[in-house]
Ligand SMILES: Nc1ncnc2c1ncn2[C@@H]1O[C@H](COP(=O)(O)OP(=O)(O)O)[C@@H](O)[C@H]1O
Ligand SMILES: [Mg+2]
């Protein structure tokens, strides 16, 4: 379970140009939920997602993950938490273009202690799950937008995370491809993975069980 308690996040803290990006966020997300986070540009959606994923720190408040206080983790422990629990699909795919689909899907495993054969096997399995294992030797630059997103999702699930975070995963895709990507997230969710999607698209949000709306760094709607 993810519990955020009164989280305040600043950029350029205590500098003249300080921005308070999150202004006291209280949010609970249960295991196995599929939720959407909506809100205008600049509302703080990405900042919130990055905090949930352990990619960013915050100035005050508490983040409990399965009752453990993540806020107190040092960098090494945070990195381990992220690698073990969280799969992240960043905005704009963030693939390494000149590398193969397989290599891209394998990148999170470079920190794993397993053998190269095992890593290869796990990456192929992840590519099968997202339906692009036949493309494994193609370069990431040579595949379509929908296939790129599938590759980014394969990379996010290769470590068998408990939680998948996706930042505007359909922003670059046509509506038909977007629908197929949401279906993929729903399939992953049905296996027990918690899915949290930041989106502008009401069609995407309506496929989720709960829509949380944030505005100006605050939660303005959170139906429970
Ligand atoms: N690296 C940064 N440095 C300074 N300000 C930032 C940075 N990232 C985001 N912000 C500011 O924080 C606020 C929230 O941004 P963000 O979380 O990216 O919003 P969203 O994803 O909803 O568009 C905005 O005012 C934005 O300008
Ligand atoms: Mg954003």
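Each value in this text was obtained by applying a stated rule to the coordinates, not by laboratory testing. Predicted model, so just to flag it, every value in this text is computed and none were measured. Here the Cβ positions follow ideal geometry from the backbone for every residue, glycine too, while neighbour counts run over all protein chains shown.
Which one of 30, 92 is under 19 Å from residue 167 (Cβ atoms), away from ligand 1 (no atom under 12 Å from the Cβ) and touching a residue at least 60 places away in the same chain (Cβ under 8 Å)? Going through 30, 92 in turn, just one is under 19 Å from residue 167 (Cβ atoms), away from ligand 1 (no atom under 12 Å from the Cβ) and touching a residue at least 60 places away in the same chain (Cβ under 8 Å): 92.
Take the residues in segment 5-49 that are part of a loop (DSSP other than H, G, I, E, B) and under 23 Å from residue 186 (Cβ atoms); name whichever of them is nearest to ligand 2 (Cβ to nearest atom).
Taking segment 5-49 as the starting set, the residues that turn out to be part of a loop (DSSP other than H, G, I, E, B) are 12-18, 30-33, 39-44.
Okay, now just the ones that are also under 23 Å from residue 186 (Cβ atoms), so 30-33, 39.
Values: 30: 24, 31: 25, 32: 25, 33: 21, 39: 9 Å.
Ranking the qualifying residues of segment 5-49, first place goes to 39.
What about residue 157, is it in contact (Cβ under 8 Å) with a residue 24 or more places away in the chain and under 16 Å from residue 87 (Cβ atoms)? Yes. When each of 52, 2 is tested for being away from ligand 2 (no atom under 16 Å from the Cβ) and closer than 24 Å to residue 157 by Cα, the lone residue that passes is 2. For segment 126-136, the candidate set comprises residues that are without any contact (Cβ under 8 Å) to a residue 12 or more places away in the chain and more than 18 Å from residue 185 (Cβ to Cβ); within that set, the residue that is surrounded by the most Cβ atoms within 10 Å (Cβ to Cβ) is 133. Inclusion of residue 102 among residues that are touching a helix residue (DSSP H, G or I) at 6+ places or on another chain (Cβ under 9 Å) and within 16 Å of ligand 2 (Cβ to nearest atom) is not warranted.
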